[in-house]
Every structure is written in C-alpha cells, then in structure tokens.
Amino acid sequence: MNCLKIKKLLPGFLDSELEQEKEELVRQHLSTCSECSSEAKLLANAWNLLNKLETIKPSKEARAEFWEKTESEELDKFPNVFSWNRFLFRWSPVMVAAVLLVFSLFYKDYLPNSHDKEIVKNIEMLENLEILENLDLLTDLPVVKEESVEI
Amino acid sequence: MMQLSDIQIIEKVINGDKSAFNELMDRHEKSILNFTYRLLSSRTEAEDITQEVFLRAYKNIETFESRAKFSTWLFKIARNLCLNKLRHTFRFPTFSIDKPIRGSEHDFQRQVENKKQVSPASSLLKKELQDTVKAALGSLPKNQKAAVVLRRYEDMSYKEISTVMGCSVSAVRSMLNRAKQTLKNRLKHYAQK
Ligand SMILES: [Zn+2]
C-alpha cells in the first residue's frame, strides 16, 4: 500500500476505528515509513491540542430556572379553564357596544325631531374636525420622510 | 448503596418522582453545556439551549426508548437545537456591522486586555494557544465540528456519533478525516513541538 492511501487511513487508525486488517497494514507501514509516522504524530498532536480549550460549569440559577419553567408550562397545559376575569376583560368592548345598540334602538322613537337634527349636526361637525386633524397629519408626512432619509 | 442507572431514574420520573430528574441533570448537564458551548461559542446561548434540551427531554421523557443511551438522546436534541440556532443566527445576525460590538463580546475583549497587562509571558502564550485552538475548531463546518466535539470530549465511538448525527458511520469517518486534516494544518505550528 502506498503512502497516500495510508495517510487517508491515519485519522481512523488514531481513533482505533479501522477494521483489524487495515489497522495491521497501517501499523506495519508506520514502522518502516518515517514520513507517514511523522504525519501521524502531527495529526495526533493537533488532536491533543483540543484539550487546551476551557470547560465551563453549569450555574445553580440555571437549575432553579429549569424547575420554574416546568411548573409554568404545566399550568399552560390547562389554558381552557374558564375564568370570569379573563372573559370580562376580553369581551367588555363588545358588551358595551351591544348595550349601546339596544339602548339606541329602544329610545329612538321617543326622541323629538329637533334633537335628531342637532345630533346629526354634531356628528357632521365632529367628522369635519376629524378631517381637519387628518389633514394636519398629511402635511406632517413630508417632514417625517425627510428626517428618515437623513438617518 | 448501588447507583441507579439512567434508565432506572427515568422510570422513577415517569412514575411520578419528578425530582429524580435532578439526578439526570447532575450527570449530563455539564457535558451538554460544553457541547453546545463549543458549537455556538457563546456561553449565554449555550446555557439557553442546554436548558431547552432538558426541558424537551423532561416533557417527552415517556417517549424515550431505552434501547438507546439517555446521553445519546440528549446530544441528539442538543445538536438539532444548535444547528437550528446557527442557521437562524446566520440569517439574522444579532449585531450590526456598522455599530461597535457591545455587551459580552466587548467585555470579553476588555478582560483580555486587562489580563495582558498583569499576566506573565507564559500565560500570554497559553492564551494565544487557546485562541488558536478555538479558531481552528471554529473554522470547521458545523457538522464536522459536532463530530469532533463528540469524539474528542465525549469519547464517543463512530457508531454512537452516527446515532447522534443521524447519519452513517462512513459519513462520520469522512467528516472526522477532513476535520482532523484541517485541525492539523491550522495547528501545525504548535503540533510540531
Ligand atoms: Zn508512508
């Protein structure tokens, strides 16, 4: 077997991960070839240098955090448990809107006509105000744009 | 008292003795932490991933098949999480090239500088060697790096590495062949001595 083939087998040889037959071949070759045996030495030395790397230790806080997380995740396993607080919080805007709707339907017939007109007027005014405010926003836009370009 | 095997402890956990899982962590936490640390080269990220590994193992403990070693299973989870993490950081780097590096890395640099001022020359050489070794390992493609770490620090056989990596033994062999050549070339200067 030539040196090139032996060199390819060296990493496996150094890990004792060659078939017996090949291992014997490499062993014999190394005893006679100085080039391959210095290559083997170089490979082994480089490999051993890996022990220069630092080893780190787990922290005690990590363990405490681990158990905290398992507990909170066990609680998450039952997210369907009914809670009045959660229900009210989530649905309160809808309920308020529904109450207002029912209220307005009920009292519509009792409102005098002049009041109706005034309400419509007020709404129109509010809408105009809103448009004005939005116009302000529109005029602000180029300024904002310029600034963002400069950054 | 005779020490229980990992499998026996797992049975205890499954039967309701949750705190027995502490013993499994005592046995394997350090290995997993250092494995992830060497793959990710960030202590904080390694700690996060290690915790995730054990959370997943704990949650899925009933699915563990006792034909395999518990540690192999842990390394398998750890390796997958690390590769995901590396893929993610590659696409979304956490620091900007324009901005100066802040936080831990900067602190680390400062620590090194301070050390230089007070340490004797031998310690400096040691640090230089350590950095070179770290860089050599860091230069390997991530799968080769994982194989090297499992072989070098966990003393795993090629067969066991192939189980962790989910590939064939011959794939492990060629990964380690290439990795060892690269390490040799990069560390030649120190390896010749
Ligand atoms: Zn030769």
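The values are calculated or read from the model by the stated rules, or taken from the named source; none is laboratory data. Remember, it's a predicted structure, so these values are computed and weren't measured experimentally. Note that we place each Cβ from the backbone using ideal geometry, even for glycine, and neighbour counts take in every protein chain shown.
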Long-range neighbours under 7 Å by Cβ, at least six apart or interchain, first residue farther than 14 Å from residue B:192 by Cβ and within 13 Å of the ligand (Cβ to nearest atom) within the stretch A:21-48, second basic (Lys, Arg) and in a helix (DSSP H, G or I): A:36/A:7
Only one of B:146, B:135, B:191 that is hydrophobic (A, V, I, L, M, F, W, C) and free of Cβ contacts under 8 Å to residues at least 12 places away in the same chain: B:191
Matching entry among B:59, B:12, B:76, B:85 (being among the basic types (Lys, Arg), closer than 24 Å to residue B:163 by Cα and over 18 Å from the mean Cα position of the chain (by Cα)): B:59
Any hit, the stretch A:96-105, residues being outside the structural domain of residue A:10 (by TED's automatic domain parsing), in a helix (DSSP H, G or I) and modelled with pLDDT under 70: no
Selection within the stretch A:1-20 - within 12 Å of chain B (Cβ to nearest Cβ) and either of a type outside the set (Lys, Arg) or more than 10 Å from the ligand (Cβ to nearest atom) (or both): A:8, A:9, A:10, A:11, A:12, A:13, A:14, A:15, A:16, A:17, A:18, A:19
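For (1) within 14 Å of the chain's Cα centre (by Cα); (2) assigned to a helix (DSSP H, G or I), each residue gets a yes or a no:
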{"residue": "B:144", "(1), (2)": "yes, yes"}
{"residue": "B:149", "(1), (2)": "yes, yes"}
{"residue": "B:154", "(1), (2)": "yes, no"}
{"residue": "B:162", "(1), (2)": "no, yes"}
{"residue": "B:173", "(1), (2)": "no, yes"}
{"residue": "B:176", "(1), (2)": "no, yes"}
{"residue": "B:179", "(1), (2)": "no, yes"}
{"residue": "B:184", "(1), (2)": "no, yes"}
Boolean, residue A:40 is within 9 Å of chain B (Cβ to nearest Cβ) and either in a helix (DSSP H, G or I) or of a type outside the set (Gly, Ala, Ser) (or both): no
Residue count, the stretch B:177-188 (criterion: without any contact (Cβ under 8 Å) to a residue 40 or more places away in the chain and not basic (Lys, Arg)): 4
